[in-house]
Amino acid sequence: MQLATPRLLLREVRPSDDLALREMDRDPQVLRFEHAPFSEEQSRSRLEQFIVDCPNPATSHNRFALTLRPDDQMLGWIALTLNNFAIREYEIGWTLHPRARGNGYATEAAHAVLRYAFDELHAHRVVAFCHAENQASIRVMERLGMRFEGRLRQVRWLHQAWWDECVYAILEQDFGAQSTHAPAPGER
Ligand SMILES: CC(C)(COP(=O)(O)OP(=O)(O)OC[C@H]1O[C@@H](n2cnc3c(N)ncnc32)[C@H](O)[C@@H]1OP(=O)(O)O)[C@@H](O)C(=O)NCCC(=O)NCCS
């Protein structure tokens, strides 16, 4: 299952994405906010898991590789995961390759994935969490129309320290109202 936007194609992750994924995983911003450096074994099993999480309405983990059309090169990823079946809540997350940042690709891709979540998966809420100091990610959430719901104190253990996380969310009615009043990212 693939999603197209004005500039991007979101496809499944493939074995040939190994190098791009490793480059993203050792990027300084990723290491600062997301995780410690991966071992060889962790990198290998991460790629395998990303491939297994092939986007599919029947699964609860959807991992999209972000590519710039018509090039097939992986420039980032978007994850959409079912968090709570009872309230139809999904969680979204993203990472861009450093050379792809500053172009609006994360926002454009995440917007398409939100549309998929609300229109195809009938999500009620989509939430996102980020390191409280991750301003670039917070700006993506705000551009998507996600609302700040709170700050979770010391829930992330990273680099031998506790860090706060911010939680943002968008509801199905927020997204519906936004879609009827504004063009989608990349459609301007
Ligand atoms: C978080 C992350 C994906 C954001 O990347 P990004 O490039 O800033 O986000 P976008 O692709 O939406 O691009 C938006 C930026 O491009 C600029 N831009 C340039 N051309 C644009 C266009 N045509 N349309 C929209 N924005 C455009 C915007 O002004 C904006 O910059 P600003 O935030 O400084 O104002 C990236 O910093 C990253 O991968 N970080 C490391 C991993 C990470 O932290 N992941 C999140 C975990 S919660």
(message) For segment 7-29: of the residues being under 15 Å from GLN42 (Cα atoms) and basic (Lys, Arg), which is most open to solvent (accessible area, probe 1.4 Å)?
(response) ARG26
(request) Select, from ARG88, ARG69, the only residue that is in contact with a Leu (Cβ under 6 Å, 6 or more places away or on another chain) and open to solvent by 90 Å² or more (accessible area, probe 1.4 Å). (result) ARG69
(request) For segment 121-134, enumerate the residues that are near the ligand (Cβ under 8 Å from one of its atoms) and closer than 14 Å to PHE148 by Cβ. (result) ALA128, PHE129, CYS130, ASN134
(message) For segment 139-157, give me each residue that is on the phi > 0 side of the Ramachandran plot and open to solvent by 100 Å² or more (accessible area, probe 1.4 Å).
(response) GLN154
(message) Suppose we filter segment 114-125 for residues that are more than 17 Å from THR5 (Cβ to Cβ) and surrounded by 19 or more Cβ atoms within 10 Å (Cβ to Cβ); how many remain?
(response) 2
(request) Kindly establish whether SER60 is modelled with pLDDT of 95 or more and small (Gly, Ala, Ser). (result) no
(request) Could you please tell me which pairs satisfy a Cβ distance under 7 Å, a separation of 6+ or placement on different chains, a first residue in segment 11-36 that is of a type in the set (Ser, Thr, Tyr), and a second residue that is open to solvent by 10 Å² or more (accessible area, probe 1.4 Å)? (result) none
(message) Exactly one condition in (1) farther than 22 Å from CYS130 by Cβ; (2) surrounded by 12 or more Cβ atoms within 10 Å (Cβ to Cβ); (3) of a type in the set (Ser, Thr, Tyr) is false for SER39; which is it?
(response) (2)
(message) Being surrounded by 14 or more Cβ atoms within 10 Å (Cβ to Cβ), modelled with pLDDT of 95 or more and in contact with a strand residue (DSSP E or B) (Cβ under 8 Å, 6 or more places away or on another chain) is the requirement here; does HIS111 meet it?
(response) no
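The values are calculated or read from the model by the stated rules, or taken from the named source; none is laboratory data. The model shown is predicted, which means the values in this text are computed figures rather than measured ones. When we count neighbours, we look across all protein chains shown, and the Cβ atoms used for this are built from the backbone with ideal geometry, even at glycine. Just so you know, the surface numbers come from the protein's heavy atoms only, side chains and all, with ligands and any DNA or RNA stripped out. Shrake-Rupley method; radii C 1.70, N 1.55, O 1.52, S 1.80 Å.
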